[in-house]
Structures are given as structure tokens and as C-alpha cells.
Amino acid sequence: MKELTTDHISQQFNLELETLRQHFLTMGGVVENQVSDSVQALLDSDGSLAEDVKDKDATVNQLDGLIDEECTRILARRQPAASDLRLIMSISKAVGELERMGDEAKKIASLTIALIEEGESPRGYVEINRIGQMVSSMVHDSLDAYARLDLDAAIKVAKRDRNVDMEYKTAIRSLVTYMMEDPRSITRVLNVIWVLRSLERIGDYARHICQHLVYMIKGVDVRHIPISEIDSEVK
């Protein structure tokens, strides 16, 4: 992994920072699997896989608590400054994004079980497959950018959220039209809409992770800067 921080006199401090990064990436791996598995469970009508996604929520919450404790302990004991402080604060915020991703994946798993029980594949699965692939790729690539501290990759991933938003809006318009034409489908299609909404939010959280990484590397808060203007702000 590329190093953001310089070596410290205290090897223990180096170890604490590296452990923090590794725990963050471990949590990211669990959440990444949750997201991809939740979509696959729905497309395959696989209730067992959906239950596995829900069960992983406990692991995500445990890692969330562990990383929070580590960040608090390092801040209290080491009083870090400059890039070290940005690293800790960035990971602390990015962990929150991962935890929210996991919650959305859990929602998708619960909706999958409900759709399986209804016994009929409703409209919208093609859209779920397409947007699910886009979002899963964003999650993977945002974590990969974090692991490599790759600024250019982070910016590229953040920009891809616009494509997810456009696909989401198009899918919602199509599904609302379908419900108006066939009121009997409302319950089923609403569940599909909630799945799409969760996927759209996961895309937002992946973008946020990339924005936190930009802050870690460059010290520039780009959360409220239009995506199209990030390049000029950090380069």
C-alpha cells in the first residue's frame, strides 16, 4: 500500500495507523460482499443468500465499533497533526459511509425475501441488474482507490455517481408508469422501487468515500463542490 504518512519515531504509532487502515479495508470487504450478494440474491430469488447478507450486518456493526474506538484512542494518546490527523478523520467518516451501505444492503435483502414470498417476478429486475452492477463496481473501485491512496481513481469513481443517478431516474419513471397502467402491480413494484432507492443511496455513499479520500490526500474538503469542478480544486 502506498504510504500517506511519514515514518514516526514511535513504531507503535506506525502500527496503530496501519492496523486502523487494515480494519477499515476489512470492513469494506464485508460491505462490498453484502452489496453484490444482496443484488444477486434478488435476481436469483435466493432467500438463503439474502439471509446471509442480513447476518453480515452484525460483523459490520462490530467492525464499525472497533474502528471508532481505535480512532478515539489514537486521537487521545497521539494528538496527531497534519496528514496523520487527516488520515484518521477521513477513515472515521468513511466508516460511517460503509455502515450506511451495509444498512442499505440489508434492506435490499429484506425486500428480496418479501418479493420471493410474493412468488411473481415483477417489473424492474433488468434495471436492478444494470444499476446493481454499476453500484457494486463503484463500491469496489472506491475501496481500491482507498487501499492504493489513488487520487485520480477516487475522482473518476465519484464522477460515475452521475450515471447511476440518471439510470435511477429513468427506471423510476418507467416503473411509476407501469403501476399507473396496472394498479394490481403496485405492491410488488413498490418493493422494486425501494430496492432501486437503496442502490442509488449506496452509489452516493461510494462517492462520499472518494470525497473523504480526496480530503485525506490533498487536505481539501470537496463534499460541497460540484463533481465537475473537483479536478480544478485539487490539482
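The values are calculated or read from the model by the stated rules, or taken from the named source; none is laboratory data. Keep in mind it's a predicted model, so treat the numbers as computed, not measured. Please note: Cβ atoms are built from the backbone with ideal geometry, for glycine as well, and neighbour counts cover all protein chains shown.
Scan the stretch 2-18 for residues that are part of a helix (DSSP H, G or I) and either at pLDDT below 50 or closer than 20 Å to residue 90 by Cβ (or both) and jot them down.
Scanning the stretch 2-18 gives 13, 14, 15, 16, 17, 18.
Go through the residues of the stretch 202-209 one by one and say whether even a single one is closer than 16 Å to residue 90 by Cα, assigned to a helix (DSSP H, G or I), of a type in the set (Phe, Trp, Tyr) and within 22 Å of the chain's Cα centre (by Cα).
Just the residues of the stretch 202-209 that are closer than 16 Å to residue 90 by Cα, to begin with: 205-209.
Narrowing the set further to residues that are assigned to a helix (DSSP H, G or I) leaves 205-209.
Still in the running and of a type in the set (Phe, Trp, Tyr): 205.
Within this subset, residues satisfying the condition of being within 22 Å of the chain's Cα centre (by Cα) are 205.
Yes, the stretch 202-209 contains at least one residue that is closer than 16 Å to residue 90 by Cα, assigned to a helix (DSSP H, G or I), of a type in the set (Phe, Trp, Tyr) and within 22 Å of the chain's Cα centre (by Cα).
Among the residues of the stretch 153-173, are any among the aliphatic types (A, V, I, L, M) and farther than 30 Å from residue 218 by Cβ? Let's see the steps before the verdict.
First, the residues of the stretch 153-173 that are among the aliphatic types (A, V, I, L, M): 153-155, 157-158, 164, 166, 171-172.
Then drop every residue that is not farther than 30 Å from residue 218 by Cβ, which leaves 171-172.
Yes, the stretch 153-173 contains at least one residue that is among the aliphatic types (A, V, I, L, M) and farther than 30 Å from residue 218 by Cβ.
Starting from the stretch 168-183, take each residue that is over 16 Å from residue 132 (Cβ atoms) and list its partners that are at pLDDT below 95, counting only C-beta distances under 7 angstrom and pairs at least six apart or across chains.
Matching pairs, first to second residue: 178/123; 178/185; 178/189; 179/185; 179/186; 179/189.
Picking from 188, 184, 130, which residue would you name as being modelled with pLDDT of 95 or more, part of a helix (DSSP H, G or I) and of a type outside the set (A, V, I, L, M, F, W, C)? Don't jump to the end; show me each part of the working.
Working: 188 fails: modelled with pLDDT of 95 or more; 184 fails: modelled with pLDDT of 95 or more.
Going through 188, 184, 130 in turn, the sole match is 130.
Kindly evaluate residue 177 against the criterion of being within 18 Å of residue 201 (Cβ to Cβ) and hydroxyl-bearing (Ser, Thr, Tyr). Explain how you work it out, then say what you get.
Numbers: within 18 Å of residue 201 (Cβ to Cβ): no; hydroxyl-bearing (Ser, Thr, Tyr): yes.
No; evaluated as a whole, the condition is false for this residue.
Name the residues in the stretch 104-137 that are at positive phi and in contact (Cβ under 8 Å) with a residue 60 or more places away in the chain, would you?
124
Each row is one residue, and each column tells you yes or no for (1) of a type in the set (A, V, I, L, M, F, W, C); (2) under 21 Å from residue 138 (Cα atoms).
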{"position": "24", "(1), (2)": "yes, yes"}
{"position": "32", "(1), (2)": "no, yes"}
{"position": "51", "(1), (2)": "no, no"}
{"position": "55", "(1), (2)": "no, no"}
{"position": "72", "(1), (2)": "no, no"}
{"position": "89", "(1), (2)": "yes, no"}
{"position": "103", "(1), (2)": "no, yes"}
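Scanning the stretch 65-87 for residues that are buried (at least 19 other Cβ atoms within 10 Å of the Cβ) and touching an Asp or Glu at 6+ places or on another chain (Cβ under 9 Å), which turns out farthest from residue 27 (Cα to Cα)?
74
In the set 168, 125, 178, which member is aromatic (Phe, Trp, Tyr) and under 22 Å from residue 31 (Cβ atoms)?
Numbers: 125 fails: under 22 Å from residue 31 (Cβ atoms); 178 fails: under 22 Å from residue 31 (Cβ atoms).
Every option except 168 fails the conditions.
One residue is enough: does the stretch 70-92 have a residue meeting the conditions assigned to a helix (DSSP H, G or I), farther than 16 Å from residue 16 by Cβ and among the charged types (D, E, K, R)?
Restricting attention to the stretch 70-92, the residues satisfying the condition of being assigned to a helix (DSSP H, G or I) are 70-78, 82-92.
From what's left, farther than 16 Å from residue 16 by Cβ: 82.
Those still in the list that are among the charged types (D, E, K, R) too: none.
Scanning the stretch 70-92, I find no residue that is assigned to a helix (DSSP H, G or I), farther than 16 Å from residue 16 by Cβ and among the charged types (D, E, K, R), so the answer is no.
Given (1) surrounded by fewer than 21 Cβ atoms within 10 Å (Cβ to Cβ); (2) within 13 Å of residue 135 (Cβ to Cβ); (3) touching a residue at least 40 places away in the same chain (Cβ under 8 Å), identify the lone condition not met by residue 165.
Of the numbered conditions (1) surrounded by fewer than 21 Cβ atoms within 10 Å (Cβ to Cβ); (2) within 13 Å of residue 135 (Cβ to Cβ); (3) touching a residue at least 40 places away in the same chain (Cβ under 8 Å), the odd one out for residue 165 is (3).
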